[in-house]
Structures are given as C-alpha cells and as structure tokens.
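> Take a look at this one; I'll ask things after.
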Amino acid sequence: LKGWAENNTENSFMRSENVINFLLIGLDASNNNSDAIIIASLNKEQKKIYLTSVFRDSYTYMNTAFGDKYAKINACYANGGAEKLVETVENNFKIKIDHYVSVNFDSFSSIVDALGGVKLDVKQYEAQAVMKEIKGDCPYGEGVILNGEQALGFCRIRNCDVDADVS
C-alpha cells in the first residue's frame, strides 16, 4: 500500500481540464471520522455530475504527522483533517481532488433545507424508523420531499433495509 500511495509522478493522477473533482466529506457526531466520503466529478463538457462513493472501511496507507499509518480511510480525518483525507484519497486512488467540502450532522439539515429538501422514495417502514429517530412526522411513497431534519433521520436509520433485517 505504501509503495502504491507514494508512487506519484506527473502523470499518475487522473485529471482533465474538463472535469472538476470535489471530495464530499460527511463527518460523524464526534467530527473525528468521515462516515461518508464521496468524489463528485463535474464534467463541464458533458454537463454531467458523477458521484463515486469511497468505502469508509477501505484499508489505506497515510503519512501522518506521527509517521506512517495503515488504517481505514475514514480515520484519515482524525489524523490531519480534510487536507489529510484529500491527500490520502489522491495518493491511494490516483485522482486529483480540486476542492473539498465537509459537513457534520449540524450543517446537514441546514444544507438540505437551503436546497428546498431532497426528493426520495421512502418505504413505509423507513418512514416509521425516521419518525422514531426524529420524534416527528415523515412522509412515505415515491418521490416524497424530505426536509433537513427528516433527511438526516433517514440517513441515520438502521436495521430496516432490504437485507431481511426489518424489525
């Protein structure tokens, strides 16, 4: 891993003048680890946005202020903030990150509300789990609009996905 991560030459990173790459970082409640890591690639020529999720449990190499470290990629943030996570993503995935944004639970709801909500397909059992999480109402059906609080509740639900663990 270290050899791959440190093998950086002028041509080792994927980049294009037509593409701008943003690293979207979703922080956990303690603001130490990145629970969500997404590369958003904006292709100016095609006028399309591509989203690539980086598995938070991906085992990686990072060079920290305390020396070499091998850990899950979601631990990078705790070892040097957003800049260290950007560096680690660039080195391990060989893609140039142009900008980054990090959000936590506090800012997530505000961002969703500022965008006018988020449109999702919500199953009835998912809405019930959200209502338990937020202690409020949550619509269900196809293409419902969730406000910031509801969307955050939706992101935080557990034990009700389609893998037969519906409670």
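The values are calculated or read from the model by the stated rules, or taken from the named source; none is laboratory data. Predicted model only: the values in this text are computed from it and were never measured. FYI the Cβ positions are ideal-geometry reconstructions off the backbone, even for glycines, and counts take in every protein chain you see. In case anyone asks, the SASA skips ligands and DNA or RNA and just uses the protein heavy atoms, side chains included. Shrake-Rupley method; radii C 1.70, N 1.55, O 1.52, S 1.80 Å.
> How much length would be gained if the chain were fully extended between K132 and V144, taking 0.36 nm per residue of separation minus their Cα-Cα distance, in nm to one decimal?
Gain in length upon complete extension: 2.5 nm.
> Please arrange I134, I49 by accessible surface area, largest first, computed with a 1.4 Å probe and ligands excluded.
The ranking, largest first, comes out as I49, I134.
> Quote the charge dipole size of the chain about the Cα centre in Debye, to the nearest 20; the model charges only the Cβ of Lys and Arg (+1) and of Asp and Glu (-1). Walk me through the intermediate numbers first.
Working: 17 positive and 23 negative charges, 44 e Å.
The calculated dipole for the chain is roughly 220 debye.
> Right, something else. Projecting each Cα onto the charge dipole of the chain (Lys/Arg +1, Asp/Glu -1 at the beta carbon, about the Cα centre), which of G81, V19, A36 comes out farthest on the positive side?
Checked the options; the winner is V19.
> Further question: Taking the Cα centre of the chain as the origin and placing charges on Cβ (Lys, Arg +1; Asp, Glu -1), which of F93, I145, S53 is farthest toward the positive end of the dipole?
F93
> Of the trypsin sites (Lys or Arg not before Pro) in region 94-167, which ones lie in a loop per DSSP and count no more than 13 other C-beta atoms within 10 Å?
K135, R158
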